[in-house]
Structures are given as C-alpha cells and as structure tokens.
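As structure tokens, the structure follows; a few thoughts come after it.
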Amino acid sequence: MRRVMKFGGALMSDAEGIIKVGQLVKEYSSDPLVIVVSAIGKITNSLEKLHTNSGNRDKSEKLFLDIKDYHLNLLDNLFPEGNDELIRAIDVRFNSLLESTNETYENRYEAYDSIVSIGEELSSCIIYHYLLSMGISARLINAKSLITTNSNYTDADVDWNYTQKTIETRINPMLETLDVVVTQGFIGSDISGKPTTLGREGSDFTAAIFGNILNADEVTIWKNVPGLMNSDPARFDDSEKIENISYHEAIELAYYGASVIHPKTIQPLKQKNIPLLVRPYYDSSLKPTIINNNTSNDSNTASIIVKDDQVLMSIGTQNLSFIAEDNLKQIFSAFSRNRIHINMMQNSAVSFSVSFNKDNDKLKALIDDLSMFNLKYNTGLQLLTIRHYTDELINKYVTNKKVYLLQKSRVTVQILLSK
C-alpha cells in the first residue's frame, strides 16, 4: 500500500510532538510512504511578522533571533547528545532566511514567499534527521525542486505537467528503495526558480498533489482532533465527529472555511478516487474520518463554520447610479490585485456589499484602488456558515446579535453578524 501523510505544525511544536510523529512514521514505514510537513508550531506566523517588519532593522533582528532560538532549543531537547550535521543544515537555512529578509524584491508578495517558505525547510530538516536517528531509511527532497507553479506569489497555481513529470521521475525510484521520503508542504517554485507558496495552510494541498501523481492508495492528514468535526471544538462544546462524508461535501466545507482541510485538497484526490483520512495523531488506533465518494452521510449532521475579524464593505457609485457589469469588473479586479478572497457578497441597485478577512495592509491598498467609488465599511464582524441548517440552529446563534447580511440556499445559510 502506497501512502502520503501530512503532519501539521501544531503536532510538532515541541520535542515530544516530533517524537510522536517519528513513532507514527515508523508504524507505517513498512509500505512506501511520503510525508509532507508544515512549519513547526506557530513559526509561519512568526515568519509573517518578520516579513512585515523586514524594513525595521531592530524589530526584524529580534524576530529572526527569536525564530532561531526556538528551533535551537527544540534541537537541544530532541538531540541532548547533539547532532552536528543537523546543526550545520539548520545554519544553512537560517543564512538563507537572513539573505531573504535583506533582499530587495519586485513586490511584497514575492518577498513573503521567499521568507515564509523557509519555515517548512527548517521543520522538514529536523524531522528528516530525527527519522534517521530512529534507524529509518529516509531521503529529504525540497518541494521547491518538485512542485512547479506560476508566479502568482502567496497563492500560486500548480503547473501539473511539469510537476507530474518531476515527481514521477524523482520520487517513484526512491519509494522502491527507501522507507520514507520527506518533503515540505505549502511551498514550490516558479519556472525561474523563485520560491512560491500555495496559499495559507496549503500543506494539505501538497499532500493531495503527491497522492494524485504517485497514485497513492490513501492520503492521511494527522490532526490534534478526533477527525473532521462538524464545528470547532475550541468554540463549541457540542462538536461531533463526522465519520464519513463525500468529496463534494468536503469541498463545500473547505470552501466556506472549515479549518481542517485546505480548499484545494479534495479535487486531486477525487480525480483518482483516493480516500482522504483525517485522524488523531495522539491515538492511531481510533477510527478516522473518511472522505470518499460515499454521499449517504452528507446531510446527517449540520456543520457550523465561524470566521472572525470580518470586514463588511459596501461599494457604491459616487452619483448613485446603478451598479452595473462594468462596475463589478472594476471591483473584482481590485480584489484580485490585492489578493483578497471574498467570503460573501450581495448586490443591490446602487450598492455592492462584500465580506472578507481583515488584513490592514490589504484593506488600505483596496481602499486606494477603489477610490472612484463611495465606500463604507465595518470591521470586527463574524461570518457564520451553517451547512444543512434548521431554523432552530439559526435562531440559536443569531439571537441578540445584529445581522448585517443573510443569504440562504437549499442547504447553506451564511450570516454576517456582530460578535
């Protein structure tokens, strides 16, 4: 059986977590196995701050040292006897990070990808060396040399033809002789070799890319929850595990913001009918959530998705004329240029209202881009999405809150409301 497994950063935030990952890999290493890893802990967030403050020498230097110290402390706990080869490999990557931080780029999105992509290189290096210390035969391959994308930095599109040829040529022979191939999630490179990323939380998608091209029998995402939940257990006390849903339902949940699965993950697996398993890393014996072609359980449980820190922007013409196709083209182009994903939209005769995740830099740039329109916006709102809703559920979460927008279809309701 050929498997692809993805391990997220939350599972590897300390030495104990990495040891557990090693145990899981060893448990499944008798069959051909590719593992895809995210950056350790909250390092992606730290690298994003480093990118944001790269023009401020004092702040960027402190952030850089904090990130380096975090990894070195982790190594001290993981390898108390030391590991000189790993230390040298980590130093090489931190030198790359320092160079990326000081380099001049054409735009901030290119800079983001060059800086933030180092997180996965660091984590994969550590995991690889830990597997070697366990006696597992492994090879570390940089995903930047495997996954080719366009140059749409921060949300790059995969060139499937190039990527398929490269992965088939390089990875298939390794799986014939090695226990494990280790690579990074989230990252790739464009045709000129510049680092790119596949969108925030894109490591799931990377696992699906490998699963599709290598014709895996299954792809597994290891999480710190029992499986795919119908709501966030950290937010809702009555969260339930979903035992089985279809690819279609999983795509819908991911699109609306279910945090367990990246939106692009499902399609490559559906294309080849490869099941996606979501399972708890703390107990591999527990039954996973299985995502496959079975549609019989899709409507059994309502799913609730909440997005905080939403912006509601109402866009109107300066002279109160109708919002027409030409206006919408300008508006959508501005959102696209500023890499802003619209979570909800509603049109009236003289106004177009949209909800999106707050990002102060992007919001400022968007306002400048839409200066020809009359703009009003609110911040600090909450977007509630319920799949397979009932009126009782809607009332439960809307009571005593101001509703700004509400949209219903046969299966889904979205409500933008005050927190």
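Observations on the model:
- Counting charges near N172 (Lys, Arg +1; Asp, Glu -1) among other residues having Cβ under 12 Å from its Cβ returns a value of +1.
- For region 140-152, 3J(HN,Hα) computed residue by residue from phi via the Karplus equation (6.51, -1.76, 1.60; θ = phi - 60°) reads 9, 10, 6, 4, 5, 8, 10, 9, 9, 10, 7, 9, 7 Hz, glycine and proline entered as x.
- Amide H contacts under 5 Å for N374, placed H, 5+ residues apart: G316, T317, Q318
- Net charge in the neighbourhood of N297 (other residues with Cβ under 11 Å of its Cβ; Lys, Arg +1, Asp, Glu -1) is -3.
- Compared with the dominant principal axis of the Cα atoms in the chain, helix 360-369 is inclined by about 50°.
- Prolate/oblate/rounded call for region 3-223, Cα gyration tensor, a/c under 1.5 rounded: oblate
- For E240, the residues 5 or more places off, or on other chains, whose built amide H falls under 5 Å of its own are N230, S231.
- Between D159, D217, D368, the Gaussian network model of the chain with springs among Cα atoms under 10 angstrom shows the greatest mean-square fluctuation at D368.
- Tensor-based shape of region 128-239 (alpha-carbon gyration tensor, a/c under 1.5 rounded, otherwise prolate or oblate): oblate
- Integer Hz, Karplus 6.51/-1.76/1.60 couplings in order for region 172-177, x for Gly and Pro: 3, x, 5, 5, 6, 10
- Using θ = phi - 60° and Karplus 6.51 cos²θ - 1.76 cosθ + 1.60, couplings along region 53-70 (whole Hz; Gly, Pro as x): 9, 4, x, 9, 4, 5, 5, 5, 5, 5, 4, 4, 5, 4, 5, 5, 4, 4
- Reachable lysines from K59, criterion Cα separation under 25 angstrom, eight or more residues apart if same chain: K42, K49, K68, K358, K362, K364
- Summed residue charge, Cβ within 14 Å of T265's Cβ, Lys/Arg positive, Asp/Glu negative: +1
Just so you know, all these numbers are worked out from the coordinates, no wet-lab data involved. Every value quoted in this text rests on a predicted model; they were computed, and no experiment measured them. A quick note on method: Cβ atoms are made from the backbone with ideal geometry, for glycine too, and the neighbour counts reach across all protein chains shown.
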